[in-house]
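Rule-based calculations on the coordinates, nothing more; no lab input. Small disclaimer: the values here were computed from a predicted structure and weren't measured. So basically every Cβ, Gly included, is an ideal-geometry build from the backbone, and we count neighbours across all protein chains shown.
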Amino acid sequence: MNTKTLLVLLLCGVCFACNAPQQDGKKTELTNENKNMTNGELREKLALALEDMKAKAIEMGIEGVATASVLNSGDTVDWIGEMKVVGSYCNRKDGYNLVAVAWSKCGEVIATHADSGDPNHQTITGELGYAGGAYDEYEGCKLAFAFSGATSEEDLVVSKYGIEKMKGYIAGRQETDTTTTFKPLVTPLKKEQFIQVTIVVNDIRKAAKAWAALLNVPEPEIWTNHLESNGEYPYTYRGQADKPCDLQMCVIEMGNWVLELHQIDNNPSTFREFINKHGQGVHHLGFEVGDARDEVIRELQEMGFDTGRTIGIYPGSSWTIVDSEDVLGVNLNIKPKR
């Protein structure tokens, strides 16, 4: 089957799905607020939920395509949809067009008002019959979310996560809270404890040469830091003892602080997560807090920050990456000593 034929079949399936009669199932009271919600407003909320799905997929260490569609309360035909690519949109090795598969799952969900992949559902032209799409209704809106790229179970986790986020956005529960206040730390970070800015790059040799030229300093030595648990300190990523990874790095002295460049391999890590999500950029600011490290971490936890993003190691010490980029715009690295 050529690409043009597959696209025609896929579109036919979605068109059929959009005009399919509603099956018996959930009934949701419509609220006045959501009766008046525009498709444009719903599309903005879809985009937010898709960003959440992307972040969830990255956290799970998977790639693929996320799709999401919503039918506004009171409407019967005009589903609106958005798509987000997470790393790769086409698995050429195994012969999957993940864009087509994800939208096909979404089409099946729209047609059946149920999660995709039900073996009792007779597949219609344009559908592939894959599990991983999820359906729900909320405040009168019908929600069809799908992910393609991993196992069916993992795809469904991401899809249901997106639906829960979308329901929150519709309800207004997860909009940015500009009134949040933070209680000052009893053991605050001090300016003199600031020791590093760490930038994740794709090509450390190229970046090191450029920074050396920019600052008119000798080109820094590049070495590899092998991150793996040892008998003294554990190495964890997102709370799990993960597979080892190799981190190429170099340091440029900047007076009282250093500029670090990192290039990471493809194994799961905080640095791979960052670069998959954002591309190159500043991963963290480092603070050396000495014996106060445990107290600082405890207080940051109480403020609501996830302090389990990474526990890293180097000879004779360890460091903690605090997941703070969504609030501070950058992560923190809290360490007792260099």
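Averaging the sequence gap over all C-alpha pairs within less than 8 Å and six or more residues apart, then dividing by the number of residues, gives the chain a relative contact order of 14 percent. Cross-link pairs exceeding 23 Å in C-alpha to C-alpha distance, out of Lys84/Lys206; Lys105/Lys243; Lys56/Lys183; Lys56/Lys84, comprise Lys84/Lys206; Lys105/Lys243; Lys56/Lys183.
Please check the chain for the longest run free of GluC sites (Glu not before Pro) that are loop-located per DSSP (anything but H, G, I, E, B) and have at most 15 other Cβ atoms within 10 Å.
Numbers: sites that count: Glu29, Glu175, Glu221, Glu228, Glu232.
Segment 30-174 is the longest.
For the chain, a Gaussian network of Cα nodes joined below 10 Å ranks Gln122, Gln248, Gln196 by mean-square fluctuation, and the top entry is Gln122. When +1 charges are put on Lys and Arg Cβ atoms and -1 charges on Asp and Glu Cβ atoms, the dipole computed for the stretch 51-114 relative to its Cα centre reaches about 280 debye. Name the shape class, rounded, prolate or oblate, that the alpha-carbon gyration tensor gives for the stretch 279-338, where a ≥ b ≥ c are the square roots of its eigenvalues, rounded holds for a/c under 1.5, and otherwise prolate holds if a/b is larger than b/c and oblate otherwise. Judged from the Cα gyration tensor, the stretch 279-338 comes out oblate (a/c at least 1.5, b/c at or above a/b).
Below 8 Å between Cα atoms, with a sequence gap of 6+, how large is the relative contact order for the stretch 196-338 in percent?
26 percent
The 3J(HN,Hα) values that the Karplus relation (6.51, -1.76, 1.60; θ = phi - 60°) gives for the stretch 155-172 are, in residue order, 4, 5, 4, 5, 4, 5, 4, x, 5, 5, 5, 5, 4, x, 5, 4, 6, x Hz. Gly and Pro appear as x. Between Ala212 and Ser318, residue separation times 0.36 nm minus the direct Cα-Cα distance comes to 35.3 nm. Taking a ≥ b ≥ c as the square roots of the eigenvalues of the alpha carbon gyration tensor, the stretch 70-211 is oblate, as a/c is not under 1.5 and a/b does not beat b/c.
Between Leu214, Leu48, Leu227, which gets the highest mean-square fluctuation from a Gaussian network model of the chain, Cα cutoff 10 Å? In this elastic network of the chain, the residue with the biggest mean-square fluctuation among Leu214, Leu48, Leu227 is Leu214.
Just from its helices, what would the mean residue ellipticity at 222 nm be for the chain, if runs of 4 or more DSSP H residues each count -39500 (n - 2.57) and the sum is divided by every residue, rounded to the nearest 500 deg cm²/dmol?
Mean residue ellipticity, 222 nm, calculated: -10500 deg cm²/dmol.
Derived scalar couplings between HN and Hα for the stretch 279-292 equal x, 4, x, 6, 7, 7, 9, x, 10, 9, 10, x, 5, 8 Hz in order, rounded to whole Hz, by the Karplus curve 6.51 cos²θ - 1.76 cosθ + 1.60 (θ = phi - 60°), x for Gly and Pro.
I'd like the FRET efficiency for Thr224 and Val186, computed as 1/(1 + (r/R0)^6) with the beta carbon distance as r and R0 of 51 Å, rounded to 0.05. Result of the calculation: an efficiency of 0.85.
For the stretch 31-180, the relative contact order works out to 25 percent when only alpha carbon pairs closer than 8 Å and six or more residues apart are counted. Of the labelled figures (1) 119; (2) 128; (3) 178, only one reflects volume of the Cα convex hull per residue in Å³ as derived from the coordinates, namely (3). Working note: Karplus 6.51/-1.76/1.60 with θ = phi - 60° gives the stretch 42-57 the couplings 5, 5, 4, 6, 4, 4, 5, 5, 5, 4, 5, 5, 4, 4, 5, 5 Hz, where Gly and Pro are set to x.
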